[in-house]
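The structure appears right after this line, and notes come after that.
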Amino acid sequence: MFLYLGGDVSVKKSDIIGIFDIDNVNTQKTTKEFLRAAEKNGSILLAGEDLPKSFLLIGEKGKKQNVILCRLSARSVYGRARRDEAYE
C-alpha cells in the first residue's frame, strides 16, 4: 500500500523506517547533523512547496536511505498510515 505525502510524492508504507516531528527533533545536535549530511548527499526529497512539519526516513530494499520532508505533521502522516491499513 502506498501513502501519499503531498506534491507528487508517495511512498510504500513498508519502506517507512520512521516518522519524525521536525519541531521536536530539530533541537537535537545529532538530528541536525543527520539532516545536513542527507542534504549534502542529495538524499532529501521535498513533498510539496510548504514549510515542512515532519520528515520520514525511507529505506527501500537495495537502495540508500532517503529523507522526505513533508508539510504534514508527524501525527497526520501516522494517522493516514494507520487509517489505510483497513484497505490493505
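Being of a type in the set (Gly, Ala, Ser) and either crowded, with 16+ Cβ neighbours inside 10 Å or part of a helix (DSSP H, G or I) (or both) is the filter here, so list the residues in the range 10-20 that pass it. Outline the logic, then answer.
As a first pass, look at the range 10-20 and keep what is of a type in the set (Gly, Ala, Ser): 10, 14, 18.
Once the filter is applied, which keeps residues that are of a type in the set (Gly, Ala, Ser) and either crowded, with 16+ Cβ neighbours inside 10 Å or part of a helix (DSSP H, G or I) (or both), the range 10-20 yields only Ser14.
Just to be sure I understand the filter: pairs with C-beta atoms under 9 Å, separated by 6 or more residues or on different chains, first member in the range 1-22 and farther than 15 Å from Arg75 by Cβ and among the aromatic types (Phe, Trp, Tyr), second member open to solvent by less than 60 Å² (accessible area, probe 1.4 Å) and not in a strand (DSSP E or B). Which pairs pass?
Hits for this filter: Phe2/Lys13; Phe2/Asp84.
Enumerate the pairs (first residue in the range 30-48 and on the phi < 0 side of the Ramachandran plot; second residue anywhere and surrounded by fewer than 12 Cβ atoms within 10 Å (Cβ to Cβ)) with beta-carbon separation below 7 Å, excluding pairs fewer than 6 apart on the same chain, so at least 6 apart or on different chains.
Ser43/Lys64
Can you find a residue in the range 1-9 that is open to solvent by 60 Å² or more (accessible area, probe 1.4 Å) and touching a Ser or Thr at 6+ places or on another chain (Cβ under 7 Å)? Talk me through it step by step, then tell me what you get.
Here is the first cut: in the range 1-9, the residues open to solvent by 60 Å² or more (accessible area, probe 1.4 Å) are 1-2, 4, 8.
From what is left, the residues that are touching a Ser or Thr at 6+ places or on another chain (Cβ under 7 Å) are 2, 4.
Taking every residue of the range 1-9 in turn, at least one turns out to be open to solvent by 60 Å² or more (accessible area, probe 1.4 Å) and touching a Ser or Thr at 6+ places or on another chain (Cβ under 7 Å).
The values are calculated or read from the model by the stated rules, or taken from the named source; none is laboratory data. Since the structure is predicted, the reported quantities are computational estimates derived from the model, not experimental observations. All Cβ positions, even for glycine, are placed from backbone atoms using ideal geometry, and neighbour counts span all protein chains on display. Protein only, heavy atoms only, side chains kept; ligands, DNA and RNA dropped before computing areas. Shrake-Rupley method; radii C 1.70, N 1.55, O 1.52, S 1.80 Å.
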